[in-house]
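Beneath this line is the structure, given in structure tokens, with notes to follow.
The values are calculated or read from the model by the stated rules, or taken from the named source; none is laboratory data. Just so you know, these numbers come straight off a predicted model, no measurement behind them. Backbone-built Cβ (ideal geometry, glycine too); neighbour counts: all protein chains shown. When the accessible area is computed, the model is the full protein with side chains, heavy atoms only, and any ligands, DNA or RNA have been set aside. Shrake-Rupley method; radii C 1.70, N 1.55, O 1.52, S 1.80 Å.
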Amino acid sequence: MKITVKLFASFRTGRFEVETSDYPPGTTVAEIAERLQLTTAELGIMLCNHRHVKLDYELVEGDVLALFPLLGGG
Amino acid sequence: MKIARIDFGAAGGPQVTYGPLGEYAGLGGRAMTSLMVATEVHPLAHALGAENKLVIAPGMLSGTTGSMSGRLSVGCKSPLTGTIKESNAGGQAAQVLARLGYAAVVLEGKPLGNDLYKIVINKDGIQVIVDNSLKLLDNYPLVAKLRTEYGDKVAYMTIGSAGERMLLAASIACTDPELRPTRHCGRGGVGAVMGSKHVKAIIIDDAGAKMRPPKDPDAFRDANRKFVEGLRKHPVTGEGLPAYGTNVLTNILNEAGGYPTKNFKSGTYEGSSKLSGEAQAELEIKRGGKATHGCHRGCVIQCSGIYNDKDGNYLTKQPEYETTWAHGGNCGIDDLDTVAMLDYMDDNIGVDTMEMGVTIGVAMDAGLIEFGDKEGAIRLVEEVGKGTPLGRVLGCGATVTGKVFAVERVPAVKDQAMAAYDPRAVQGIGVTYATTTQGADHTAGYAVATNILKVGGDVDPLKTAGQIELSRNLQIATAAIDSTGMCLFIAFAIMDQPETFQALLDMLGSFYGITMTGDDVVALGKKVLSAERDFNTRAGFTKHHDRLPRFFYNEAIAPHNQTFLMKDEELDDVFNW
């Protein structure tokens with residue numbers, strides 16, 4: 001299945017900004033993070049199709065996953 | 001510490017008196033301004049009249065060696081909202097004023113005649129001087145002129161032409177360490193109140209003054225060290241904010257569907273990546289500016305930066321997320337240079353960037369100019385600086401502009417514009433917008449942290465569960481932090497790290513020679529909010545004012561296709577503690 005992953009802030013360093021790739025069915029957020037060598041401790045905000053998701057969330061064809069480190073502002 | 005009062009209505013001209021703290025002993029920042037305004041200002045006073053007071057107060061820890069303690073509170077009855085107002089800024093003023101021994105400087109009464117004043121505060125006391133040569137100067141040329149007389153080792157607080165004209169969006173500028181007038185008490189029209197007293201500039205010179213000494217210097221030093229360690233260790237205050245500034249939120253809010261676009265018509269914006277903090281930081285560095293800069297000495301977070309123009313010359317400080325949104329996506333403008341120019345113009349004229357950006361969005365909805373019209377947006381802000389009739393309407397903010405041009409969609413509460421978070425996609429911030437004592441104000445209870453950023457807990461932004469309690473607790477904590485003189489951004493670290501919160505308590509405790517607990521902080525926050533609520537009640541505000549504009553209840557927007565869901569009875573429960 002095709003999944004689009006968007007990376008932000010420091011996660012882009014040495015990786016990419018946006019990339020659409022093939023993943024096996026049932027792939028979770030945690031598995032994508034592992035493939036990108038992002039540790040769970042680094043992960044701050046995880047959004048799939050504009051909604052917050054957890055590490056065990058199973059993605060489906062066409063999903064857009066956005067991964068951010070822990071960030072703040074205001 | 002002492003309180004100075006300047007009576008501008010005194011026979012024979014402004015008169016300065018100095019007094020002890022009295023009933024205000026132990027207070028600072030927002031606690032000082034709000035308690036004093038609630039006690040001394042008639043709630044039905046005209047905000048630009050003799051009965052209103054402008055209270056300028058450094059925080060409880062300002063002027064100490066404590067890190068992050070340089071926030072200044074300015075309080076009054078707001079001419080924009082009609083409520084009590086505390087407007088908070090960084091810059092150098094708070095530290096310098098506190099070192100000179102002032103817990104508050106209060107501008108009272110109303111001058112006769114048309115003379116314009118400057119106030120000089122130094123170790124010898126306070127002088128009020130007529131200086132009509134400053135008339136209608138905007139903030140950058142004004143500070144440049146004052147520097148030729150008072151030099152570079154002072155802090156300046158000034159108003160631009162908007163404050164002199166008493167426009168309702170007028171701000172008070174505080175200079176940063178390099179003497180740029182970029183740190184503003186922006187919200188609520190406090191600059192108009194300073195203008196109503198005919199005060200153009202306050203020059204604060206702490207030559208000969210010392211750091212404020214703690215009661216227990218060793219314990220204070222130890223607590224400050226732990227506090228700084230905690231800020232450096234937390235990913236938000238130690239990495240994200242220094243590297244990308246507050247504008248790192250553009251991509252986050254856009255991905256979360258809570259980025260108000262084209263005057264709150266959508267929750268995502270196709271041009272957001274061009275406005276993002278990532279793009280901004282890269283551009284700043286490429287042009288020889290800075291992506292990391294502190295607004296006052298002693299700041300270890302350094303969330304600001306320096307934005308240069310295409311030729312590498314200084315244009316403005318790094319526009320904040322709220323500014324970049326208000327003048328950017330909210331107006332359908334995806335160009336950082338345009339946003340930076342508008343940021344400079346707002347700082348120079350002396351108006352709140354959020355109120356101005358939202359106002360331009362409302363003007364676009366009215367058809368005055370098209371969404372996305374960069375030159376048009378600049379032209380409208382120029383009108384504000386010129387003081388034309390149109391400029392005066394725009395300079396009085398989103399609500400006035402919406403009324404004049406018959407726009408139904410005006411994103412404001414108690415006549416103050418909302419910030420860069422759509423309450424339909426971030427229900428928790430909607431609770432804060434609706435219920436805060438200040439008019440729509442995201443900083444009053446920043447539920448975005450827990451709803452979106454997942455700092456300090458996890459509450460679903462699209463659901464109503466937990467939002468009332470969250471906003472209540474954040475409003476209480478914020479009222480307390482705003483009283484300490486600490487930058488609100490310390491909250492990201494102290495919410496997640498108990499030892500950093502303890503270090504803050506120990507800084508307060510060792511400075512004042514008291515024991516400070518979490519319960520004391522809560523009690524302080526409640527005391528401030530209660531005084532503010534009481535003032536607003538006496539000023540005529542009821543629970544029916546604690547609501548969002550109807551369109552948030554009636555118009556669902558993409559991507560979540562959801563309205564604001566909080567029930568009125570739930571909103572009425574926020575202050576039931």
Inset, instruction - Could you tell me which of the residues B:492, B:564, B:575 is modelled with pLDDT under 95, closer than 21 Å to residue B:447 by Cβ and either open to solvent by 60 Å² or more (accessible area, probe 1.4 Å) or not basic (Lys, Arg) (or both)? - result: B:492
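Of all residues in the range B:364-386, which are part of a loop (DSSP other than H, G, I, E, B) and touching a Leu at 6+ places or on another chain (Cβ under 8 Å)?
B:368, B:369
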Legend entry - Verdict on residue B:440 being assigned to a loop (DSSP other than H, G, I, E, B), within 12 Å of another protein chain (Cβ to nearest Cβ) and open to solvent by less than 10 Å² (accessible area, probe 1.4 Å): no
Inset, instruction - Restrict the check to the range B:303-324 and report whether at least one residue is open to solvent by 20 Å² or more (accessible area, probe 1.4 Å), in a loop (DSSP other than H, G, I, E, B) and in contact with a strand residue (DSSP E or B) (Cβ under 6 Å, 6 or more places away or on another chain). - result: yes
Legend entry - Failed condition for residue B:331, given (1) over 26 Å from residue B:80 (Cα atoms); (2) over 21 Å from the mean Cα position of the chain (by Cα): (1)
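Among the residues of the range A:4-37, write down those that are more than 23 Å from residue B:291 (Cβ to Cβ), outside any helix (DSSP H, G or I) and touching a strand residue (DSSP E or B) at 6+ places or on another chain (Cβ under 8 Å).
If the condition is that a residue be more than 23 Å from residue B:291 (Cβ to Cβ), outside any helix (DSSP H, G or I) and touching a strand residue (DSSP E or B) at 6+ places or on another chain (Cβ under 8 Å), then A:4, A:5, A:19, A:20, A:21, A:22, A:23, A:26, A:27, A:28, A:36 are the ones that fit.
For a quick check of your reading: which helices (runs of 4 or more DSSP H) sit entirely within the range B:198-293 and have at least 2 residues that are under 17 Å from residue B:333 (Cβ atoms)?
So the answer is B:249-255, B:272-275, B:277-286.
Each row is one residue, and each column tells you yes or no for (1) at the interface with chain B (Cβ under 10 Å from one of its Cβ atoms); (2) open to solvent by less than 40 Å² (accessible area, probe 1.4 Å).
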| site | (1), (2) |
| --- | --- |
| A:2 | no, no |
| A:6 | yes, no |
| A:17 | yes, no |
| A:23 | no, yes |
| A:27 | no, yes |
| A:58 | no, no |
| A:69 | yes, yes |
Legend entry - Flag if residue B:243 is more than 12 Å from residue B:420 (Cα to Cα), within 14 Å of chain A (Cβ to nearest Cβ), in contact with a helix residue (DSSP H, G or I) (Cβ under 8 Å, 6 or more places away or on another chain) and free of Cβ contacts under 8 Å to residues at least 60 places away in the same chain: yes
Inset, instruction - Only residues that are over 18 Å from residue B:188 (Cβ atoms) and in a loop (DSSP other than H, G, I, E, B): list them for the range B:25-41, please. - result: B:25, B:26, B:27, B:28
Inset, instruction - Please give the number of the condition residue B:40 fails out of (1) more than 19 Å from residue B:527 (Cα to Cα); (2) touching a residue at least 12 places away in the same chain (Cβ under 8 Å). - result: (1)
Inset, instruction - Filter the range A:39-56 down to the residues that are open to solvent by 40 Å² or more (accessible area, probe 1.4 Å), touching a helix residue (DSSP H, G or I) at 6+ places or on another chain (Cβ under 9 Å) and under 23 Å from residue B:267 (Cα atoms), then identify the one that is nearest to the other protein chains (Cβ to nearest Cβ). - result: A:50
Inset, instruction - State whether the residues of the range B:164-183 include one that is open to solvent by 30 Å² or more (accessible area, probe 1.4 Å), within 14 Å of another protein chain (Cβ to nearest Cβ) and touching a Leu at 6+ places or on another chain (Cβ under 8 Å). - result: no
Inset, instruction - Mind listing just one residue for me: the one in the range B:391-437 that is of a type in the set (A, V, I, L, M) and assigned to a loop (DSSP other than H, G, I, E, B) and, of those, surrounded by the fewest Cβ atoms within 10 Å (Cβ to Cβ)? - result: B:406
Legend entry - Search result, residues across the range B:251-306 that are charged (D, E, K, R) and either more than 10 Å from chain A (Cβ to nearest Cβ) or under 21 Å from the mean Cα position of the chain (by Cα) (or both): B:262, B:265, B:270, B:274, B:282, B:284, B:286, B:287, B:290, B:297
Inset, instruction - Output yes when any residue across the range B:511-527 is within 14 Å of chain A (Cβ to nearest Cβ) and either in a loop (DSSP other than H, G, I, E, B) or in contact (Cβ under 8 Å) with a residue 12 or more places away in the chain (or both), and no when none is. - result: no
